[in-house]
Amino acid sequence: MLLPARVAEAIAAGDVDLAFRRWSTPRVKVGSRFTTSAGIVEVTSVEPTDVGAITVDEARRAGFPTVAKAVGALRKNDDPVYRVGLRWAAEDPRIALRNDADLSDDDVADLTRRLERLDTRSTHGPWTRAVLEMIDRRPAIRAADLAAEFGRETQPFKLDVRKLKTLGLTHSLEVGYELAPRGRELLGRLRTADD
């Protein structure tokens, strides 16, 4: 379940605890957790509802000033509407990971193996080191521009960068990416090993 950054932050602040979605069938279940820009969010309830049953209070709890705004944000199709209860559950574990730049030799070996595995499984050949190098040289550049430099489409490129983010090596900026402290340390160690 994707949440805009402003909504994720409002959930973390305790200002939002509902969302409304049009789905043919529920795409989340009670207890589901997912990572947002503001941390881990947990689903506390999933209930079918009718558009006409959405109250002003519920609209506000979903981050909208009016019912009309809440309804207007729904997809324009005939799928049922679901009221999804949400709560902030924990900090994003990737934040601590990406800030951990104290890498042992074993950490470097493990990360190197993981990068090699990503390269081996790739349908477009080895990419991890080249992408890390590019992000290091060109932080805060639009993903579409970086993807074009590799001759790739934007969305698959972004999915690859997300894999590096999961390892704590990169993080997203308002525009583009930059290496996390962990990524800078690893890249520096890899460059030293190349010499």
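The values are calculated or read from the model by the stated rules, or taken from the named source; none is laboratory data. Keep in mind that this is a model prediction, so the values were computed, not measured. So basically every Cβ, Gly included, is an ideal-geometry build from the backbone, and we count neighbours across all protein chains shown. When the accessible area is computed, the model is the full protein with side chains, heavy atoms only, and any ligands, DNA or RNA have been set aside. Shrake-Rupley method; radii C 1.70, N 1.55, O 1.52, S 1.80 Å.
Observations on the model:
- Residue within region 107-116 that is among the β-branched types (Val, Ile, Thr), more than 19 Å from the chain's Cα centre (by Cα) and part of a loop (DSSP other than H, G, I, E, B) present: no
- Residue count for region 1-48, restricted to those that are part of a helix (DSSP H, G or I) and either within 18 Å of Asp79 (Cβ to Cβ) or touching a Gly at 6+ places or on another chain (Cβ under 8 Å) (or both): 5.
- Checked against (1) in a loop (DSSP other than H, G, I, E, B); (2) within 25 Å of the chain's Cα centre (by Cα), Pro65 passes all but a single condition, namely (2).
- In region 70-86, the residues that are loosely packed, with under 13 Cβ neighbours inside 10 Å and either part of a helix (DSSP H, G or I) or of a type in the set (Val, Ile, Thr) (or both): Gly72
- Tally, over region 11-39, of residues that are of a type in the set (Val, Ile, Thr) and loosely packed, with under 15 Cβ neighbours inside 10 Å: 2
- Those residues of region 117-137 which are without any contact (Cβ under 8 Å) to a residue 12 or more places away in the chain and not hydroxyl-bearing (Ser, Thr, Tyr), in sequence order: Arg117, Asp119, Arg121, Gly125, Pro126, Arg137
- Within region 146-187, the set of residues being free of Cβ contacts under 8 Å to residues at least 40 places away in the same chain, open to solvent by 30 Å² or more (accessible area, probe 1.4 Å) and either assigned to a helix (DSSP H, G or I) or of a type in the set (D, E, K, R) (or both) comprises Ala148, Glu149, Arg152, Glu153, Thr154, Gln155, Pro156, Lys158, Leu159, Arg162, Glu174.
- Exactly one residue out of Ala8, Ala59 is closer than 30 Å to Val175 by Cβ and either in contact (Cβ under 8 Å) with a residue 60 or more places away in the chain or surrounded by 19 or more Cβ atoms within 10 Å (Cβ to Cβ) (or both), and it is Ala8.
- Taken together, the residues in region 40-56 that are touching a helix residue (DSSP H, G or I) at 6+ places or on another chain (Cβ under 6 Å) and open to solvent by less than 40 Å² (accessible area, probe 1.4 Å) amount to 2.
- Single residue of region 105-135 satisfying the filter (among the polar types (S, T, N, Q) and farther than 12 Å from Gly183 by Cα) that is surrounded by the most Cβ atoms within 10 Å (Cβ to Cβ): Ser122
- Note on region 87-104: among residues that are open to solvent by less than 50 Å² (accessible area, probe 1.4 Å) and among the small types (Gly, Ala, Ser), the one that is nearest to Leu164 (Cα to Cα) is Ala101.
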